[in-house]
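Here is the structure we will look at, set down as structure tokens.
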Amino acid sequence: MTAQAQIKASFPVRRMDFEFNEVPKYWFADDPFLTHFLSSLSSLFPEGEFFFVTSMRNVRDQIDDPVLQKEISAFIGQEAMHSKEHKVFNDYATAHGIDLDSFHSRVGKLLKFGHKILSHKQQVAVTCALEHFTATIAAQLMKRTDWNEQMNDPVMRKMWLWHAVEESEHKSVTYDVYQKLYKDYPTRAGAMIAAWSILAVVLADQQVRLMAKDGQLLNGKSWAKGMWSLFGYKGFLTELTLPLLDYFRPGFHPEDHDSEALEKKYKEMLSFQG
């Protein structure tokens, strides 16, 4: 066996097979707004993670570091599983009146357009920006037990925590690829601004559409609870402001945001071996 064949990635690819047949309509805190917020995020993952994987495949032949090559392979494997499981949930939700597949299609068209107009360098930069977003969300979801314990369906809680653990495990891969190939701060920062601006518009639009389709657009109580939970004092997204903005620091690296203890906690809780 060659030395390169003996090299292993620092994280495994876990094969999951969730069944969503008994997931209730409002599986987060019995609340329409917060359930739809997380469902909206779910609708982005299949096409979003395909974009991430494609951006890595486009440039991995330029990487001569065997360790980083193994990390890329494991990253692709994990993202493929995330895409698969979220697509199964999205299809289930659509079949039960929460039309996530239409959002999936819209996001797919947007990202395919991105593949056409962006250079490989720009695609990797966008991937780095969005990977920082997902890793920051993941760490927050693991940290905030007051949030993840409101997932009143055990399958949904396990899926989101599994996803959070793996986003934390591979949070440095795309950034390390970008730095190895390009080390271009202005492109990295510019991609962050563009990616997050588009993401904010997409999520706001989808939130309104989901609430309207569900007949909850005028549910002021749910809107008030949801907006306060996300953006109020110690809100889920409010607390992400500084960690997200840290990406603009020239010397930033994803490992500056240590999540090892959180990963260990939830891997033990989920009975993961690796």
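A few comments on the model shown:
- When residues of the range 217-266 are limited to those that are in contact (Cβ under 8 Å) with a residue 24 or more places away in the chain and among the charged types (D, E, K, R), the one nearest to A204 (Cα to Cα): K225
- Of the criteria (1) part of a helix (DSSP H, G or I); (2) under 21 Å from the mean Cα position of the chain (by Cα); (3) surrounded by fewer than 19 Cβ atoms within 10 Å (Cβ to Cβ), which one F89 fails: (3)
- Any hit, the range 65-80, residues being touching a Ser or Thr at 6+ places or on another chain (Cβ under 6 Å) and at negative phi: no
- Between L210, L218, the distinction of being assigned to a loop (DSSP other than H, G, I, E, B) and either at negative phi or within 18 Å of the chain's Cα centre (by Cα) (or both) belongs to L218 only.
- Residue within the range 37-47 that is surrounded by fewer than 16 Cβ atoms within 10 Å (Cβ to Cβ) and free of Cβ contacts under 8 Å to residues at least 60 places away in the same chain present: no
- Residue in the range 178-185 that is within 19 Å of L100 (Cα to Cα) and among the charged types (D, E, K, R) present: no
- Residue ID - farthest from F133 (Cα to Cα), chosen from residues in the range 253-266 that are assigned to a helix (DSSP H, G or I) and in contact with a helix residue (DSSP H, G or I) (Cβ under 6 Å, 6 or more places away or on another chain): Y266
- Across the range 111-126, the qualifying residues are those that are surrounded by fewer than 16 Cβ atoms within 10 Å (Cβ to Cβ) and either under 26 Å from T241 (Cα atoms) or among the basic types (K, R) (or both), and the one among them that is modelled with the highest pLDDT is K116.
- Residue match in the range 127-142 (condition: over 30 Å from K112 (Cα atoms) and either free of Cβ contacts under 8 Å to residues at least 24 places away in the same chain or surrounded by fewer than 22 Cβ atoms within 10 Å (Cβ to Cβ) (or both)): no
- Checked against the criterion of being over 19 Å from L110 (Cα atoms) and in a helix (DSSP H, G or I), the range 47-59 has at least one qualifying residue.
- Taking the criterion of being aromatic (F, W, Y) and more than 13 Å from the chain's Cα centre (by Cα), the residues of the range 157-195 that qualify are Y175, Y178, Y182, Y185.
- Scanning the range 7-25 turns up no residue that is surrounded by 19 or more Cβ atoms within 10 Å (Cβ to Cβ), aromatic (F, W, Y) and part of a helix (DSSP H, G or I).
- Residue that is touching a residue at least 12 places away in the same chain (Cβ under 8 Å), surrounded by fewer than 19 Cβ atoms within 10 Å (Cβ to Cβ) and either assigned to a helix (DSSP H, G or I) or touching a strand residue (DSSP E or B) at 6+ places or on another chain (Cβ under 7 Å) (or both), where the choices are A204, A194: A194
The values are calculated or read from the model by the stated rules, or taken from the named source; none is laboratory data. Note that the structure is a prediction, hence the values are computed from the model and not measured. Please note: Cβ atoms are built from the backbone with ideal geometry, for glycine as well, and neighbour counts cover all protein chains shown.
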